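One structure below.
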Amino acid sequence: MDPMTQSAQISSSQGFADGQNSAAKESKLSDSFLSSSPVSLIQSPQVNALIHWRDPKKSGLVFGLSMLVLLSLAAFSVISVVSYLLLALLCVTITFRIYKSVVQAVQKSNEGHPFKALIDKDVSIPPETFRKHVDASLTYINRALKQMSRLFLVEDLVDSLKLAVVMWLLTYVGAVFNGITILILADILLFAVPPIYEKNKTQIDHYIDLARTQINSTIAKLQEKLPGAVKRSKTE
């Protein structure tokens, strides 16, 4: 075989291998990004079972505790709420520790510390797990920064105008609700909407498709008229 031809084949195979490695790295980064996103958290089996009320007792307990914390934050400062929660937990553990010590003294038993199993448990975070979550968070942050740069520097006029409309609407939302009120409403919707959607999935999907079609057609017409809009067919 000609040395030049052999060299070209080697270079081509190396380039193909590098491309595969690059694609694999991008795939890992994409998986990492998806695993760290809030959407993937909601779609996890445990959270999905909670918000769909598969176990009413567990869902009710989580919903009640989350509402209690949010209502406490609405009435008191964050420092006060955290201090009261930690104080309540400490009172429970101290009371239980004293109770078990008295019982052991009366019964003359040698059961030892009641929280020994929990004390001996390793609660440290492995370096690999920490680096994994940091890398996933960094990928998420970088994509968010890139998206913000694209929107605020008006790469696509339509997308920037949509962001401006959303921010303008949020000014009115902020004038009516504060952050804690929005979190309380979000918590209520998180536990109320999934069961309702599950019971009326067909009708809701039908109206969502109609609204999405109407919005997409309106945006397409707007893109054709605006001179600064980036054509989707060219970018995709």
Yeah, region 40-79 with a ≥ b ≥ c from its alpha-carbon gyration tensor (a/c under 1.5 is rounded, else prolate when a/b outruns b/c, oblate otherwise) is oblate
Could you check the spin-label model distance between residue 165 and residue 77? Points 7 Å from the Cα along Cα→Cβ, value in nm.
4.2
If the only charges are +1 at each Lys and Arg Cβ and -1 at each Asp and Glu Cβ, what is the size of the charge dipole of region 89-198 around the Cα centre, to the nearest 20 debye?
460
May I ask you to give the percent of accessible area on region 83-170 that is carbon plus sulfur, with a probe radius of 1.4 Å?
70
Within 13 Å, Cβ to Cβ, of residue 192, how many net charges do the neighbouring residues add up to if Lys/Arg are +1 and Asp/Glu are -1?
-1
So how far, in whole Å, is the C-alpha centre of region 124-192 from the one of region 69-108?
35
How large is log10 of I(q)/I(0) for region 36-163 at q = 0.09, 0.11, 0.18, 0.20 Å⁻¹ when the intensity is taken from the Debye formula with one equal scatterer per alpha-carbon?
-0.58, -0.82, -1.20, -1.16
Which of 204, 183, 134 sits farthest toward the positive end of the charge dipole of region 110-208, with +1 on the Cβ of Lys and Arg and -1 on the Cβ of Asp and Glu?
204
So which GluC sites (Glu not before Pro) in region 150-226 end up in coil per DSSP with only 15 or fewer other C-beta atoms within 10 Å?
155
What FRET efficiency comes out for the pair residue 106/residue 69, r = Cβ-Cβ distance, R0 = 41 Å, nearest 0.05?
0.60
In nm, what is the difference between 0.36 nm times the number of residues separating residue 113 and residue 99 and their Cα-Cα distance?
3.9 nm
May I ask you to derive the FRET efficiency for residue 173 and residue 225 from their Cβ-Cβ distance with R0 = 30 Å, giving the value to the nearest 0.05?
0.55
How big is D, in µm² s⁻¹, for region 83-236 by Stokes-Einstein at 4 °C and 1.567 mPa s if Rh is the Kirkwood radius over C-alpha pairs?
57
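The values are calculated or read from the model by the stated rules, or taken from the named source; none is laboratory data. If you're wondering where the values come from, they're calculated on a predicted model, not measured in any experiment. Methodologically, a virtual Cβ is constructed for each residue, glycine included, from the backbone with ideal geometry; neighbour enumeration extends over all protein chains shown. Only protein heavy atoms, including side chains, enter the accessible area calculation; ligands, DNA and RNA are left aside. Shrake-Rupley method; radii C 1.70, N 1.55, O 1.52, S 1.80 Å.
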